């Protein structure tokens, strides 16, 4: 069944869904980034060596870490809330905890990538 | 806010329900495999003296690195775990991409072709990954 939606891009971007909507959008962006990463990984396995140059680029690594880690941590929150419906009442608290965990893990991961890139 | 739960028997076992459950189970499998993979690689690292990072790099890129483990059972175990992880990731990711495509492709024909394309992609990518990881 086809959908008919009359929502323009600007209206969608201005939607005040706050934290939950932001996590929803970032989860999708992260999933798309990981799908690209997975495709590149398959290409490397298939013997396309030029893709390996992109893999070793620190900017690419940081972009993948920023979006990929968010997808993984947000997915864990969604799974926990799905499996424990009683916790759904506290979903905003769960999102706040998720941001703290994400900031710590992502910050450390970016630090390690930058340190390796700068030869530290 | 009141919680709402609906038993599986009342949801109807449609393609969407099946894929929702499939997506949840594959992601739980991925979390489990990540944990088991890290612990396994650490354990193998202490037993063989191989570098932890080298083990993971070889496990995921066997065509680019030398096998640092040596013993056959370790090699087979590592390959099986990586194949299980890649298949879980592929199944999980393919359904996620399909959901995104369904949101933007609104005609039934476009949805059918996007579904055909993504399922073909999943099969081909899985076969390439399994063959390369197992044989190299």
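The values are calculated or read from the model by the stated rules, or taken from the named source; none is laboratory data. Predicted, not measured: the structure shown is a model, and the values here were computed from it. Every residue, glycine as well, gets a Cβ built from its backbone with ideal geometry; the counts of neighbours run over all protein chains shown.
The table below gives the values:
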quantity	calculated
Complete set of residues in region B:61-73 that are within 14 Å of another protein chain (Cβ to nearest Cβ) and free of Cβ contacts under 8 Å to residues at least 60 places away in the same chain	B:61, B:64, B:65
Residue in region B:1-32 that is modelled with the lowest pLDDT, counting only those that are within 11 Å of chain A (Cβ to nearest Cβ) and surrounded by fewer than 10 Cβ atoms within 10 Å (Cβ to Cβ)	B:1
Test: residue in region A:44-59 that is surrounded by 13 or more Cβ atoms within 10 Å (Cβ to Cβ), more than 25 Å from residue A:116 (Cα to Cα) and at the interface with chain B (Cβ under 9 Å from one of its Cβ atoms)	yes
Single residue of A:82, A:49 found to be touching a helix residue (DSSP H, G or I) at 6+ places or on another chain (Cβ under 9 Å) and modelled with pLDDT under 90	A:82
Number of the condition not met by residue A:116 [criteria: (1) crowded, with 17+ Cβ neighbours inside 10 Å; (2) at pLDDT below 95]	(1)
Test: residue in region B:101-109 that is assigned to a helix (DSSP H, G or I) and modelled with pLDDT of 90 or more	yes
Selection count where residues are farther than 18 Å from residue A:21 by Cα, more than 15 Å from the chain's Cα centre (by Cα) and part of a helix (DSSP H, G or I), scope region A:93-118	8
Total residues in region A:76-100, condition closer than 22 Å to residue B:29 by Cα and away from every other protein chain (no Cβ under 14 Å)	1
Lone unmet requirement of (1) out of contact with any helix residue (DSSP H, G or I) (no Cβ under 8 Å at 6 or more places or on another chain); (2) part of a helix (DSSP H, G or I); (3) within 9 Å of chain A (Cβ to nearest Cβ) for residue B:76	(3)
Looking only at region B:116-125, and only at residues there that are crowded, with 16+ Cβ neighbours inside 10 Å and more than 9 Å from chain A (Cβ to nearest Cβ), the one that is nearest to residue B:88 (Cα to Cα)	B:122
Considering residues of region B:102-114 that are crowded, with 16+ Cβ neighbours inside 10 Å and within 18 Å of residue A:28 (Cα to Cα) only, the residue farthest from the other protein chains (Cβ to nearest Cβ)	B:114
Flag for residue B:41 being away from every other protein chain (no Cβ under 13 Å) and closer than 30 Å to residue A:27 by Cα	yes
Test: residue A:21 is part of a helix (DSSP H, G or I) and loosely packed, with under 13 Cβ neighbours inside 10 Å	yes
Matching residues in region A:65-81 - criterion: being under 17 Å from residue A:20 (Cβ atoms) and surrounded by 13 or more Cβ atoms within 10 Å (Cβ to Cβ)	A:70, A:71, A:73, A:74, A:75, A:76, A:77, A:78, A:79, A:81
